Amino acid sequence: MRVAMIGTGYVGLVSGACFADFGHEVTCIDKDAGKIARLEDNIMPIYEPGLDTLVANNVKAGRLKFATGPAEAVAAADAVFIAVGTPSRRGDGHADLSYVYAVAEEIAHLVQGFTVVVTKSTVPVGTGDEIEAIIAKLRPDADVAVVSNPEFLREGAAINDFKRPDRVVVGIEDERARAVMTELYRPLNLNETPILFTGRRTSELIKYAANAFLAMKITFINEMADLCEAVGADVQQVARGIGLDNRIGSKFLHAGPGYGGSCFPKDTLALVRTAVTAGSPVRLIETTVEVNSARKKAMAAKIVAAMGGDVAGKTIGVLGLTFKPNTDDMRDAPSLDIVPALIAAGAKVQAYDPQGHEAKTMLADVDMKDGAYEACEGADALVILTEWDQFRALDLDRVKELMKGVALIDLRNVYRPAELKGRGFEYTSIGRRS
Ligand code: UDX
């Protein structure tokens, strides 16, 4: 099949490269000429394990191409994917659909023959209807079927998530699209991945419902963690104790500093707005949004308390700044709330992140170090903020020797309290007795 993928962000680039790897002929399109030139030189715009090799292999095999304009690829395509950003609209939290609609207008003029137009971007319920209307208005003769096909991949595990998903969701209103979408995902069909065909609006809502549920699940265990601290229980055992119940499941019950990233914060907010507009508010998700943003702020106070209540003039070493490991993404990272609050309280922050190049500009007042141990040097306290693998197996004796103080605040529960205490640290973690 011939695929035009418009937008080479996380979702577009990973999906395009994976479809090419499935054997389809894919053109990834982006207006940013610099980005396309770099991709042609196999320089990735994001850090995602395995992506550079996947792209290089498929370019070499002639199945993956890049272009700055959609004209040629869209005219030839069996399926055109819209994978441009849908950020939170400033002020009201609604998803900003201006990029999606601009692409719809652009492709309306270019499609030839029967073409399936697919939204891969996360878009609010009814966006597919609007895209259909835009195309019909500009090109009444165009023969298109507009489909919703949300993407559930996680950053840092994106290729595996695309190729071995729990399910594929496809929302269609025109039966002809079913065959095209089935053919596109044929390799997954052979693996017996469930492909769930639904109506288009239902599919659009499934994506938001999935992300909102996961965000709520994390927020639930985070509140349990606070309660554990208050009553002397252990949140990790609570998570295991409830997670072994198949109806609950053990995943996404890891307590931490609050969720961040490019999806959960934006999508929960957009769902809240959609629901309010539809006159059917989702109060659980409204509360999730509030609790999570309060939590990220509360983490700075937790660190200050662990350091005796005053951090003025103190040096704090921070390990990990990205919103989670294996990504360079800083969007809505808890570090963006926590680190400035520590600096405002008078602390000097020195930090290390294996992919923290963006953090350098976003957290300009931080002294960025070149390695984990450099971030420990002379520190009164050490904070583990993102659980990169290399922070899970630190040489703790060396850490202790390098530090000035003994406070270790582990916001990801990477270490065991008894072990750290045995080594002479004053250890604070999430939802466990120190
Ligand atoms: C998420 C969804 O998982 C994915 O299906 C969707 O397509 C996009 O949004 P992503 O944002 O890449 O993916 O990361 P994810 O691994 O889900 O983590 C999101 C946030 O939740 C991170 O800040 C992470 O630290 C936090 N988290 C996750 C927890 O605090 N505890 C957990 O148990 C799991």
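The values are calculated or read from the model by the stated rules, or taken from the named source; none is laboratory data. What you see is a predicted model; the values in this text were computed from it and never measured. Please note: Cβ atoms are built from the backbone with ideal geometry, for glycine as well, and neighbour counts cover all protein chains shown. The protein model used for the area step is the full one, side chains on, heavy atoms only, and it has no ligands, DNA or RNA in it. Shrake-Rupley method; radii C 1.70, N 1.55, O 1.52, S 1.80 Å.
Pull out a ≥ b ≥ c, the square roots of the eigenvalues of the alpha-carbon gyration tensor of region 294-428, then state rounded if a/c is under 1.5, prolate if not and a/b is larger than b/c, and oblate in the remaining case. Rounded shape, in that the Cα axes give a/c under 1.5.
Summary of the geometry: region 344-421 and region 111-159, compared by the centres of their Cα atoms, lie 44 Å apart.
Using the Cβ-Cβ distance between N189 and T287 with R0 set to 56 Å, the FRET efficiency works out to roughly 0.90. Available extension along the chain between A157 and D174 is 2.9 nm, counting 0.36 nm per residue and deducting the alpha carbon span.
With the cut-off at under 12 Å, measuring from each backbone N in region 413-434 to a point 7 Å along the Cα-to-Cβ line of L227 picks out no residue. Count neighbours as other Cβ atoms within 10 Å of each site's Cβ, and list the chymotrypsin sites (Phe, Trp or Tyr not before Pro) in region 89-152 that are DSSP loop with at most 13 such neighbours. Within region 89-152, no chymotrypsin sites (Phe, Trp or Tyr not before Pro) qualify (loop, at most 13 other Cβ atoms within 10 Å). I need the shape label for region 14-150. Rule: rounded when a/c is under 1.5, else prolate if a/b > b/c, else oblate, with a, b, c from the alpha carbon gyration tensor. Taking the square roots of the gyration eigenvalues as a ≥ b ≥ c, region 14-150 is oblate.
The calculated 222 nm mean residue ellipticity attributable to helices in the chain amounts to -13500 deg cm²/dmol, summing -39500 (n - 2.57) over DSSP H runs of n ≥ 4 and dividing by all residues.
The mean accessible area for residues of the chain, using a 1.4 Å probe and ignoring ligands and nucleic acids, is 44 Å² per residue. Annotation: extensible slack from A37 through D397 equals 124.9 nm (criterion: 0.36 nm per residue apart, minus Cα-Cα distance). Among the helices of the chain, those built from whole DSSP H runs whose Cα atoms reach 18 Å or more along their own axis and whose mean Kyte-Doolittle hydropathy is at least 0.0 are 200-231, 264-277, 283-306. The GluC sites (Glu not before Pro) of region 172-243 meeting both criteria, a DSSP state outside H, G, I, E and B (loop) and at most 12 other C-beta atoms within 10 angstrom of the site's C-beta, are E175, E192. Return the subset of K296/K324; K302/K369; K266/K324; K266/K296; K120/K296; K163/K251 for which the Cα-Cα distance in this structure is over 18 Å, preserving the input order. Flagged as over cut-off: K302/K369; K120/K296; K163/K251. Exposed loop sites, defined as trypsin sites (Lys or Arg not before Pro) outside DSSP H, G, I, E and B with at most 10 other Cβ atoms within 10 Å, are absent from the longest region of the chain, namely 252-434. Tell me whether region 208-289 comes out rounded, prolate or oblate; compute the Cα gyration tensor, take square roots of the eigenvalues as a ≥ b ≥ c, and use a/c under 1.5 as the rounded threshold. Since a/c reaches 1.5 and a/b is larger than b/c, the shape of region 208-289 is classed as prolate.
Spin-label model, A209/N57: points 7 Å from Cα along the beta carbon direction are separated by 3.6 nm.
If you take every residue apart from R38 with its C-beta less than 13 Å away from the C-beta of R38, what net charge results, scoring Lys and Arg +1 and Asp and Glu -1?
After counting each charged neighbour, the total is -4.
Taking 7 Å steps out from each Cα toward its Cβ at R139 and R89 produces label points 2.6 nm apart.
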